[in-house]
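Following: one structure in structure tokens, then a few remarks.
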2 protein chains.
Amino acid sequence: MRDEPIFISQLDTDFYKFPMAQIQFKDFRNVRVRWKLKNRTKGVSLANIIPELELREHLDKARKVQFTGSEIRYLRGVEVYSNPMFSEGFLGFLKSFRLPDYWLEYRDNELILEFEGPWCETTFWEIPALTIVSELYARNITKHYSRFEKERMFAEGIKRFAAKKDILRLHPGITFSDFGTRRRAFKSWHEKIVVFCKEELSKQFLGTSNVHLAMKHDLVPIGTSAHEMFMAMAGIAVFKNKMGLGSKEQNQAIRNSHNEMLENWWEHYGWGLSIALVDTYGSPFAFATMPKSIATDWKGLRQDSGNPFEFGKRAIEWYKSHGVDPKEKIIVFSDGLDVVKIVDIYRAFEGKIKISFGWGTNLGNDIGIKPLSLVIKLVESYGQGTVKLSDNIAKAIGKPEDIEQFKKIFRYEEKYKEECVY
Amino acid sequence: MRDEPIFISQLDTDFYKFPMAQIQFKDFRNVRVRWKLKNRTKGVSLANIIPELELREHLDKARKVQFTGSEIRYLRGVEVYSNPMFSEGFLGFLKSFRLPDYWLEYRDNELILEFEGPWCETTFWEIPALTIVSELYARNITKHYSRFEKERMFAEGIKRFAAKKDILRLHPGITFSDFGTRRRAFKSWHEKIVVFCKEELSKQFLGTSNVHLAMKHDLVPIGTSAHEMFMAMAGIAVFKNKMGLGSKEQNQAIRNSHNEMLENWWEHYGWGLSIALVDTYGSPFAFATMPKSIATDWKGLRQDSGNPFEFGKRAIEWYKSHGVDPKEKIIVFSDGLDVVKIVDIYRAFEGKIKISFGWGTNLGNDIGIKPLSLVIKLVESYGQGTVKLSDNIAKAIGKPEDIEQFKKIFRYEEKYKEECVY
């Protein structure tokens, strides 16, 4: 297991990367950004666990992987959101695409991993780099396991999945998708769980965010958009307005960029991909400022931080305030779920608004070893520091002074702070 | 090996079935046809080799196989001939498609296998039924082999492939595609050979007609059209003209149907799929009557019967007679090839006209057991007996009286008769 390459298919990534990258390629080809790995798990020093040479070897190997003709044909044929979804120009870009260079440094017990370059290229590092670091972490902390201990670990995983399955079957109204790629401990285990979901929970399992597994196991590739769209747009707004505009206008440009991103997204993908992620600068800002069309026309919302019960209540009020029946809209919950949380949320909103779940780490990486809370986030766009506040200030991204500035711009009130488990 | 299902993917068929079926679905949805298995190998009684129950079991299992979502997405994304190539209407038809019923009877030591029904449905039986019969034949004649004898058979296959490979490498100008699906002895062996072609002869191997293998191993799916298009069109012409027209007009309608098929094909697929198969009623008829545009606009011709050297010479003359430089056109040879024949044909036409090879039985089924010359051919279209004459009268299909009538209609001169080896 130790030497097996981890990243061997360019489709072994989350589906949402493709609709996002298409907009980045089409509208923002010259925008340069910087991404940085952040380990939110306290007490775990990746630098002391993963040997630098081993990490380099896997990152270098990933840079050699290209899209195959069959993979491009599959992407061209994906019809579930809109059809055709990808332009020939974008597919041609993918055809010759390789992951760009990376920056890796081990310094003072810290593992520093960054990606700097064109947005539409560096964006494709997020998931492969996360899966490589996650799996090397898991391989290294289990490297002294005997054969029996490994078997026991996976037996524990089966037992835990069985418990989840039994509970979910008791609630046939609960539907969910696999969002586990980025923090999987072992690629093979993740695949096994996805296949079990398909076979054991076929009526409740909607699909997987992993495009390679979706293609291989005939599942719906699931995904919409991520915070990077909002974060980079703010940087672009600042860059544009630095030339001559004063700081009040600049703040206004940053404020406006949030809803401009949503409008641009709708123009590209329409109803098919219309699940709005609204917590980048705190969902209260979004609910207070989003145009009515997001309530009336879009499919729904994604909840990715803070208190899901609060969010759901607020969303229902927001829909009603726009004269929309919440029962016709959906919330996709995707923040640090486990089966108890899923059932609780489901019970809280059953019959009030449609709901579904994007279930990540605790679904695909629950085998008894401590999962990491690992992210790779945009830190710069057009030379401007980027910021994510979210509904949980412990999840905030950005330089402290930028975070303070953005809190003012978006009138952010700090209400919720909880360390991320994963 | 004995009980393993043979047909498990609706893409485990030849690519040309899809462009043909699309036309059948779009323009000829109500045309009913009949197909019949014909074993051209003398001295082999399939009825005595393949148990009826075993054959039924595999045919019944095949009827349960449906296109997966990933397979439909792949087909939608195939861009190599035209883009988009398949309409959403046709893809929707495939989505709910299952193989229709079959007629199987064991009578007087004869295995009778027929498919009767809508053309666009029964057409999809040809390749699955051939692969099932071929593999059951191979499984049954090797069923008493010891484990060692099976190993020896496949070792012989490796040795034979090695000899082919060495000869082809000496002629780097020779390019070829795998057309071996229909007469493969073992599915797994065929796949192995296709992968070896990709790995060992990558610059000379253009792809495979097997769509499942093309998707799985990232190869170009290869194929254009088959005799069934011409044969059914003649039946349709007769049917239409029976109402009121005398026999002279009917003969004229049959004569016209050949070039009408080519024109219809061009209208659907244009340059991308413009390799004309011209031997249905003998290539002399085709060369004498095809409109100039087939010479000027189409990519080239496919040679599938008779003497390939004669055909090539005639084709070159035909191109020149239309003022076309033959060096810009291609002939795809696909009739009973082996490596010696391939090299001979290549040497004969090198520098005179482009050539390539569609290599079937002797490529994918050369392991020391006698391959069958097995076909499933259209025998009726719209209640009218169909006819194929070809450039080798031993390959003719049809009732004797119909063959005689068609010989007159197309002024066919019997010049060449050679039993089919495969």
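Test of the criteria: in the stretch B:133-169, which trypsin sites (Lys or Arg not before Pro) are in a DSSP loop and have at most 14 other Cβ atoms within 10 angstrom of their Cβ?
Here the sparse-neighbourhood loop sites are B:LYS143.
For the stretch B:62-111, compute Rh as the Kirkwood radius over C-alpha pairs and then the Stokes-Einstein diffusion coefficient at 4 °C and 1.567 mPa s; write the answer in µm²/s, rounded to an integer.
So the translational diffusion coefficient is about 98 µm²/s.
Can you name the residue in chain A whose Cβ lies closest to the A-to-B rotation axis, and give that gap in whole Å?
In residue-and-Å form, the answer is A:GLY77, 2.
Using the Kirkwood formula over every pair of different C-alpha atoms, what hydrodynamic radius in Å results for the stretch B:339-422?
Final number for the Kirkwood radius of the stretch B:339-422 is 15.7 Å.
Probe of 1.4 angstrom, ligands and nucleic acids ignored: what's the accessible area per residue over chain A, in square angstrom?
Heavy-atom accessible area per residue stands at 41 Å².
Could you state, as a whole-number percent, how many of the C-alpha pairs of the stretch B:30-180 are farther apart than 26 Å?
The proportion of pairs with Cα distances above 26 Å equals 49 percent.
Quick one: Kirkwood hydrodynamic radius for the protein assembly as shown, alpha-carbon pairs, angstrom, one decimal?
Over the protein assembly as shown, the inverse of the mean reciprocal pair distance is 30.4 Å.
Relative to the isolated chain, which residues of the stretch B:41-90 have their accessible area cut by 40 Å² or more in the presence of all protein chains (1.4 Å probe, heavy atoms, no ligands or nucleic acids)?
With the partner chains in place, the stretch B:41-90 has these residues losing at least 40 Å²: B:SER70, B:ARG73, B:TYR74, B:ARG76, B:GLY77, B:GLU79, B:ASN83.
Per residue and in Å³, how big is the convex hull formed by the alpha-carbon atoms of the stretch A:132-187?
With only Cα atoms used, the stretch A:132-187 gives 74 Å³ per residue.
P(r) tail for the stretch A:293-406, what percent of Cα pairs lie past 19 Å?
57
What whole-number distance in Å separates the alpha-carbon centres of the stretch B:52-123 and the stretch A:182-241?
Using only Cα atoms, the two centres lie 33 Å from each other.
For a test of the definition: using alpha carbon positions, the gyration tensor, and the 1.5 limit on a/c, classify chain A as rounded, prolate or oblate.
In terms of gyration-tensor shape, rounded.
Roughly to the nearest percent, how much of the accessible area of chain B is carbon and sulfur, given a 1.4 Å probe?
50
Treating the point 7 Å from Cα along Cα-beta-carbon as the label, what are the nm separations from B:ILE112 to the other copies, to one decimal?
Between copies, matching label points for B:ILE112 lie 8.3 nm apart.
Give the separation of the Cα centroids, the stretch B:256-316 to the stretch A:320-353, in Å.
The stretch B:256-316 and the stretch A:320-353 have Cα centres separated by 62 Å.
What is the interface area between chains A and B, defined as buried accessible area summed over both chains with a 1.4 Å probe, reported in Å² to the nearest 100?
Summing both chains' loss of accessible area gives about 1400 Å².
So what does the Cα-only Debye profile of the stretch B:205-317 read at q = 0.21 Å⁻¹, as log10 I(q)/I(0), no solvent term?
Debye output, listed in q order: -1.18.
What number comes out for the charge environment of A:MET233, summing +1 per Lys or Arg and -1 per Asp or Glu over other residues with Cβ under 13 Å away?
Overall, the nearby charge balance is -1.
Placing a label point 7 Å from Cα toward Cβ, how far apart in nm is B:LYS64 from its equivalents in the other copies, listed shortest first to one decimal?
Label-point distances to the other copies, shortest first: 4.3 nm.
Tally the DSSP beta bridges in chain A and give the antiparallel ones as a percent, rounded to 5.
Here the share of antiparallel DSSP bridges comes out near 55 percent.
Shortest first and in nm with one decimal, please list how far the A:GLU414 label point sits from its counterparts in the other copies (point 7 Å along Cα→Cβ).
Output for A:GLU414: 9.8 nm, nearest copy listed first.
Quick one: net charge around B:THR208, please, counting Lys, Arg +1 and Asp, Glu -1 for every other residue with C-beta under 15 Å from its C-beta.
Its environment carries a net charge of +2.
If each residue of separation counts as 0.36 nm, what is the full-extension length gain between A:SER87 and A:GLU151 once their alpha-carbon separation is subtracted?
18.5 nm
Based on the alpha-carbon set only, what is the convex hull volume of the stretch A:196-270 divided per residue, in Å³?
Normalising the Cα hull of the stretch A:196-270 by residue number yields 117 Å³.
Each residue of the stretch B:227-237 in turn: what ³J(HN,Hα) in whole Hz from Karplus with 6.51, -1.76, 1.60 and θ = phi - 60°, glycine and Pro shown as x?
Here the 3J(HN,Hα) series is 4, 3, 4, 5, 5, 5, 4, 5, x, 5, 4 Hz.
The values are calculated or read from the model by the stated rules, or taken from the named source; none is laboratory data. Keep in mind it's a predicted model, so treat the numbers as computed, not measured. Backbone-built Cβ (ideal geometry, glycine too); neighbour counts: all protein chains shown. Heads up: the accessible areas ignore ligands, DNA and RNA and are worked out on the full protein's heavy atoms, side chains in. Shrake-Rupley method; radii C 1.70, N 1.55, O 1.52, S 1.80 Å.
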